[in-house]
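Participant: I am attaching a structure below and will ask some questions about it afterwards.
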């Protein structure tokens with residue numbers, strides 16, 4: 001049996017940065033990754049925020065940062081658009097990255113910090129053994145066990161680790177967005193330095209997006225809540241591409257699909273000898289579905305907490321709760337706000353979305369007060385304002 | 001559960017399975033059919049309609 005201080009399941013950005021910080025803190029760290037290539041296939045639109053990367057202490061690298069983003073364009077069902085520039089706080093504005101390179105880069109950083117990476121290695125089961133967890137692994141037909149003082153589950157939206165360990169960490173279908181996305185060339189955006197978001201029936205329960213990746217290349221995708229529609233995410237995507245002006249001559253070169261947990265942080269993200277991070281913990285912005293930065297910040301906190309716990313020889317839930325406290329201090333209030341905003345958006349009809357877009361179409365957001373915005377909304381859609389009032 | 005050829009092994013089905021019965025490998029899905037209560041949650045959420053009940 002292999003023994004280690006910290007075992008991390010999943011080499012996405014959250015797992016890799018947890019490994020890096022645990023190793024930098026002096027712990028012996030192993031990461032296992034079930035796929036043969038870290039970062040592929042991607043399951044996201046690849047947006048990261050500049051502020052998030054600064055907080056993580058990671059310099060932007062042109063090897064993975066493909067396109068700097070200068071703003072956001074919100075498009076209502078009738079085509080009315082609202083432009084937001086980078087002078088106001090935009091949660092996902094920063095860069096569109098190439099995940100196939102970005103994720104490997106983060107894993108390499110973890111390796112350079114001293115973490116051992118076992119590729120193409122699947123976690124099959126977990127059992128508690130004294131003051132450790134033992135994970136049964138499978139790699140290239142071979143079964144073996146790894147015993148760890150601290151186990152970190154960074155195993156994505158399909159997470160098993162937390163639930164195997166008895167944490168209340170499941171995601172209900174109503175909180176899991178089904179996503180489908182093409183990477184496309186020959187996409188004709190009005191401005192290829194902004195993120196585009198399309199709302200309404202085009203993506204029931206979610207929204208559609210176009211994230212530029214430089215030149216005429218973009219991720220064109222959408223996410224839906226399955227219970228809100230009779231069609232699959234893929235079928236909605238095909239319809240969207242057929243009807244969106246920007247994609248009339250676009251050429252798909254890649255199809256991505258996957259789930260995105262948008263219900264907020266799951267009930268339990270730590271216990272004795274265990275933490276879960278990233279999508280596995282629901283650490284995703286419930287409004288935008290973006291989870292790279294929030295997952296990485298959680299990963300950094302978890303890695304640092306693990307290293308301290310190993311140093312002090314105490315891996316109890318009480319010690320590991322510091323990770324959850326730090327994440328809550330950093331994100332708790334924002335998460336609540338984003339969940340409310342998501343519910344608000346989901347409650348609006350296409351007509352109400354159009355009315356809101358009309359109210360905000362020519363507003364200079366950085367110069368206008370909240371009161372003036374509300375006055376505009378009262379004029380065009382009192383019903384939409386009433387729904388907003390009920391949520392606040 | 002029948003897994004169609006076009007399944008992309010994204011794992012969304014595994015994420016919402018209330019009984020945690022679906023193992024997602026790089027290019028296969030393994031269902032613990034004997035413990036399944038046929039809630040259909042996995043079938044409903046699949047982004048490409050790749051799952052069908054036997």
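Participant: Can you compute the FRET efficiency between residue B:27 and residue A:101 using 1/(1 + (r/R0)^6), with r the Cβ-Cβ distance and R0 = 22 Å? Round to the nearest 0.05.
Facilitator: Efficiency, from the Cβ-Cβ distance: 0.45.
Participant: Rank the residues A:161, A:251 as a footprinting-exposure proxy: fewest other Cβ atoms within 10 Å of their Cβ go first.
Facilitator: A:251, A:161
Participant: Additional query: Taking neighbour counts of Cβ atoms within 10 Å as a proxy for exposure, in what order, fewest first, do A:210, B:2, A:17 appear?
Facilitator: B:2, A:210, A:17
Participant: Could you compute Rg(Cα) / (2.2 N^0.38 Å) for region B:2-52, with N its residue count?
Facilitator: Details: Rg = 9.7 Å, N = 51, 2.2 N^0.38 = 9.8 Å.
Computed over Cα atoms of region B:2-52, the ratio equals 0.99.
Participant: How tilted is helix A:99-112 with respect to the longest principal axis of chain A? Cα atoms for both, answer in degrees (0 to 90, nearest 10).
Facilitator: So the inclination is approximately 30 degrees.
Participant: Moving to a separate point now. Only residues of region A:214-240 count here: report those whose backbone N is under 17 Å from the spot 7 Å along Cα→Cβ of residue B:39, or say none.
Facilitator: Flagged as within label range: A:226-228.
Participant: If you don't mind, there's one more thing I want to ask. Using 7 Å Cα-to-Cβ label points, what is the residue A:172/residue A:329 separation (nm, one decimal)?
Facilitator: 3.2 nm
Participant: Using a 10 angstrom cutoff on alpha carbons, build the Gaussian network for chain A and name the most mobile of A:192, A:273, A:131.
Facilitator: Of A:192, A:273, A:131, the Gaussian network model singles out A:131 as fluctuating most.
Participant: Can you give me the Cα centroid spacing of region A:197-264 and region A:132-171 in angstrom?
Facilitator: 32 Å
Participant: In addition: Roughly what would the spin-label model give for residue A:322 and residue B:2, points 7 Å off Cα along C-beta, in nm?
Facilitator: Roughly 5.5 nm, to one decimal.
Participant: Can you tell me the orientation of helix A:350-360 relative to chain A, as the angle in degrees between its alpha-carbon axis and the longest Cα principal axis, to the nearest 10?
Facilitator: Long axis of A:350-360 versus the principal axis of chain A: about 80 degrees.
Participant: Between residue A:238 and residue A:186, what is 0.36 nm times their sequence separation minus the Cα-Cα distance? Round to one decimal in nm.
Facilitator: Net length gain for the segment: 17.1 nm.
Participant: Then there's this: Can you tell me the orientation of helix A:292-312 relative to chain A, as the angle in degrees between its alpha-carbon axis and the longest Cα principal axis, to the nearest 10?
Facilitator: That helix lies at roughly 20 degrees to the long axis.
Participant: Cut-off 10 angstrom, C-alpha nodes, Gaussian network model of chain A. Which of A:57, A:26, A:12 fluctuates the most?
Facilitator: A:57
Participant: Suppose R0 equals 22 Å; then what is the FRET efficiency for residue A:108 and residue A:55 from their Cβ-Cβ distance, rounded to the nearest 0.05?
Facilitator: Working: r = 21 Å, r/R0 = 0.94.
Efficiency, from the Cβ-Cβ distance: 0.60.
Participant: If eta is 0.890 mPa s and T is 25 °C, what Stokes-Einstein diffusion coefficient results for region A:57-178, Kirkwood Rh from Cα pairs, in µm²/s?
Facilitator: Translational D for this selection: 132 µm²/s.
Participant: Taking a quarter of the surface of the convex hull around the Cα atoms of region A:210-319, what do you get in nm²?
Facilitator: Dividing the Cα hull surface by four gives the mean projection, 9.4 nm².
Participant: A further question on this structure: Among A:321, A:169, which comes first, then next, by fewest other beta-carbon atoms within 10 Å? Can you show the working numbers first?
Facilitator: Working: A:321 16, A:169 24.
In increasing order of surrounding Cβ atoms, one gets A:321, A:169.
Participant: Additional query: Over region A:110-206, what portion of Cα pair distances is larger than 21 Å, expressed as a whole percent?
Facilitator: Counting every Cα pair in region A:110-206, those more than 21 Å apart make up 58 percent.
Participant: Identify which of A:235, A:268, A:304 has the largest mean-square fluctuation in a Gaussian network model of chain A, with springs joining Cα atoms closer than 10 Å.
Facilitator: A:235
Participant: Where Rh is the Kirkwood radius over the Cα pairs of the protein assembly as shown, the temperature 25 °C and the viscosity 0.890 mPa s, what D in µm²/s does Stokes-Einstein return? Numbers along the way, then the final one.
Facilitator: Details: Rh = 22.3 Å.
Answer, rounded: 110 µm²/s.
Throughout, read-outs are computed from the coordinates displayed, never taken from laboratory work. Since we're looking at a predicted model, the values are computed, not measured. A quick note on method: Cβ atoms are made from the backbone with ideal geometry, for glycine too, and the neighbour counts reach across all protein chains shown.
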